[in-house]
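These notes concern the structure reproduced below.
The values are calculated or read from the model by the stated rules, or taken from the named source; none is laboratory data. Since the structure is predicted, the reported quantities are computational estimates derived from the model, not experimental observations. Every residue, glycine among them, receives a Cβ derived from its backbone with ideal geometry; neighbour counts consider all protein chains shown.
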Amino acid sequence: MNQFTWWMASQVARLLEPRRADALLGDLCESGANGFEALSTVAGVVGRVWLPAGTALLAYAAAGWALGRVAAAYVRITTIYAWLYVDQRTWGHIASDAARHELMTHVFRFCVGGLGIAIAAGLVGFAAGRSQQRWGRNALAVWLICSALSLAVGLRAVSSVNAAAFAQAPYRFGLPALVLLWLVVIAAMTWDHSRKSFSASS
């Protein structure tokens, strides 16, 4: 039984950073702790480490879900006007100043929206890069999964206004995939830069 509980303690310790786990198990061995004492001690340390990390992961999940809904709205709006101007060939009506002003307004909103999404993804990647390497990767993965799920859920409800546009594969699948790829690339780049700069300064 003592060997089994020691084995359990060693398995639970794997949830810690390798160096910390080795140091903790080594101290317990030197102190002559039995299996139950080792298991309870390791479980307590893991709980203290994981509690703030779990809270942080929930925050990343919430941020991913929120950004995914924003990205879904961005995709819907972009799809409508891209479909109108590109697929429906409605360039003729921009002969008037009012129509040209409307087009430039939509182009400006498209650029500002894409920039805003990129900044948000960059901030997430930067924050994850400042965390411990293992937690940072986990946080970034949780954020990405929640962003993708939220984007997919946000695009499920297609209204009659944009049903014709979303019936086409480039708008239904291509544009959301590009936006998601945009999020991944920006977050990964800032995470890598932040991680390297943080490691060099510490």
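Considering ALA152, ALA139, ALA127, which residue is in a helix (DSSP H, G or I), at pLDDT 80 or above, assigned by TED's automatic domain parsing to the domain that holds ILE186 and in contact with a helix residue (DSSP H, G or I) (Cβ under 6 Å, 6 or more places away or on another chain)?
Working: ALA152 fails: in contact with a helix residue (DSSP H, G or I) (Cβ under 6 Å, 6 or more places away or on another chain); ALA127 fails: in contact with a helix residue (DSSP H, G or I) (Cβ under 6 Å, 6 or more places away or on another chain).
ALA139 is the lone residue from the list that is in a helix (DSSP H, G or I), at pLDDT 80 or above, assigned by TED's automatic domain parsing to the domain that holds ILE186 and in contact with a helix residue (DSSP H, G or I) (Cβ under 6 Å, 6 or more places away or on another chain).
On the basis of being of a type in the set (D, E, K, R), outside the structural domain of LEU180 (by TED's automatic domain parsing) and either modelled with pLDDT of 80 or more or part of a loop (DSSP other than H, G, I, E, B) (or both), does ARG76 make the cut? First the steps, then the outcome.
On the way: of a type in the set (D, E, K, R): yes; outside the structural domain of LEU180 (by TED's automatic domain parsing): no; either modelled with pLDDT of 80 or more or part of a loop (DSSP other than H, G, I, E, B) (or both): yes.
It is false that ARG76 is of a type in the set (D, E, K, R), outside the structural domain of LEU180 (by TED's automatic domain parsing) and either modelled with pLDDT of 80 or more or part of a loop (DSSP other than H, G, I, E, B) (or both).
Table: residues versus (1) of a type in the set (S, T, N, Q); (2) closer than 19 Å to PRO176 by Cβ; (3) surrounded by fewer than 14 Cβ atoms within 10 Å (Cβ to Cβ); (4) at pLDDT below 75.
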position	(1), (2), (3), (4)
ASN2	yes, no, yes, yes
LEU25	no, no, no, no
TRP83	no, yes, no, no
TRP91	no, no, yes, yes
Of everything in region 97-118, what is surrounded by 12 or more Cβ atoms within 10 Å (Cβ to Cβ), modelled with pLDDT of 85 or more and out of contact with any helix residue (DSSP H, G or I) (no Cβ under 7 Å at 6 or more places or on another chain)? Give them in sequence order.
ARG109, GLY114, GLY116
